[in-house]
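Peer 1: So that we are looking at the same thing, I have put the structure below in structure tokens.
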Amino acid sequence: MIDRRFIGWKSEPVVVEVEKGQLRLFAEATGETNLIYFDEEAAKAAGHPSLPAPPTFAFCLFNLAGQPYSYLRLMGVDIACLLHGEQAFEYLAPYYAGDALTLATEIADITTKKNGALDLVEARTDAINQRGQLCVKQRTVLIVRNESKL
Amino acid sequence: MPTRTFGPVTRTILALYAGGSGDHNPIHIDSDFAHSAGQSDVFAHGMLSMAYLAQYISGFASAGGLRSWSVRFIAVTPVNATLTCSAHVIGWDESCGEATLALTVRRTDDGKRTVIGEAVIAP
């Protein structure tokens, strides 16, 4: 069982640059066909300053910032026992290749299900661009199986 | 609303998604690791299904018209599964011109639901 003292834990702010090559690889991996996610000229023709980030890319930023699973490691969670339970996004401003986003994560809640077989960790992450605009709010619920063969 | 099918979600796609997303959890890309964790094989990142849903929704929403959304991952997607996205309108806010969609992702082979959710879009 994960120690409840992690409720309210806040990460240090971490800055991640949105890179064109990474956006193109993400678009390729997800089977994207819209050229605005690959071709800067197509993106500009559609009114964007550069390649836009697709809707779910914000989830990747924490990993791409070089801190994958940082709070889970802190909690002593074995990533082999991890499942993604829920994910939510709220979009307030678009962001693009070349932007530098500052991420801050807070552990909003930790609850237990199935008589302690599962811990649910709810994290909230805000991404703010280099002009101080809040771009994306995220809510993530991770499920930790306390018995790996559950 | 028309459905849209994605996949099959091959091992190659899982490897590319691991690199593209920065999520290198071996449970999605290393069969040996998956076996040792008690899984029958690797399974897809939940966020890959959500990325497919985002593309599906972009067929109905205006550019930048996806306002907010949330999903629950209710079953894992085994490697090589084909997925079908579907949606229907469950709400319409006249004052801001936004529709609420109910979203479902199902395995195409057995119809089992893997992801459910809701999205608020400007059509």
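Values in this text are rule-based calculations from the coordinates and carry no lab data. Given the structure is predicted, the values throughout are model-derived calculations rather than measurements. Neighbour counts are summed over all protein chains in view; Cβ atoms, including those assigned to glycine, are modelled from backbone coordinates with ideal geometry.
Peer 1: Shape verdict for the stretch A:1-43, please, from the Cα gyration tensor: rounded (a/c under 1.5), prolate (a/b greater than b/c) or oblate.
Peer 2: Prolate.
Peer 1: Give me the number: length gained by fully extending B:Ser68 to B:Cys96, i.e. 0.36 nm times residue separation minus the C-alpha to C-alpha distance, one decimal in nm.
Peer 2: Stretched out fully, the B:Ser68 to B:Cys96 stretch lengthens by 8.7 nm.
Peer 1: Further question on the same structure: Below 12 angstrom from the Cβ of B:Gly46, what's the summed charge of the other residues (Lys, Arg +1; Asp, Glu -1)?
Peer 2: -1
Peer 1: Something else: Please compute the modelled spin-label separation between B:Asp32 and A:Ala108, points set 7 Å along Cα→Cβ, answer in nm with one decimal.
Peer 2: 4.0 nm
Peer 1: While we're on this one: Which whole-number percentage describes the relative contact order of chain A, with Cα contacts under 8 Å and a sequence gap of 6 or more?
Peer 2: For chain A, the relative contact order is 29 percent.
Peer 1: Please give, to one decimal in nm, the separation of the simple spin-label points placed at A:Glu90 and A:Val15, each 7 Å out from Cα toward the Cβ.
Peer 2: Calculated label separation equals 2.7 nm.
Peer 1: So what's the projected area for chain A, the Cα convex hull averaged over all directions, in nm²?
Peer 2: It is 9.5 nm².
Peer 1: Give the order of B:Ser21, B:Ser40 when sorted by the count of other beta carbons within 10 angstrom, beginning with the fewest.
Peer 2: Final ranking by Cβ density, sparse to dense: B:Ser40, B:Ser21.
Peer 1: I would also like to ask the following. Can you compute the radius of gyration and Dmax for the protein assembly as shown, using only the Cα atoms, both in Å?
Peer 2: Using the Cα atoms of the protein assembly as shown, the pair Rg, Dmax is 18.1, 55 Å.
Peer 1: What are the semi-axes of the equivalent ellipsoid of the stretch A:1-76, taken as the square roots of 5 times the eigenvalues of the Cα gyration tensor, listed largest first and rounded to whole Å?
Peer 2: Value: 33, 12, 10 Å, ordered largest first.
Peer 1: Evaluate the charge dipole of the protein assembly as shown about its Cα centre and quote only its size in Debye, nearest 20, assuming +1 on the Cβ of each Lys and Arg and -1 on the Cβ of each Asp and Glu.
Peer 2: 500 debye
Peer 1: Computed over the Cα atoms, what is the radius of gyration of chain B divided by 2.2 N^0.38 Å, N being its residue count?
Peer 2: Here the answer is 1.14, to two decimals.
Peer 1: Under the Karplus relation 6.51 cos²θ - 1.76 cosθ + 1.60, θ = phi - 60°, what is the ordered set of whole-Hz ³J(HN,Hα) values for the stretch B:70-76, x standing for Gly and Pro?
Peer 2: Working through the residues one at a time gives 8, 9, 10, 8, 9, 8, 6 Hz.
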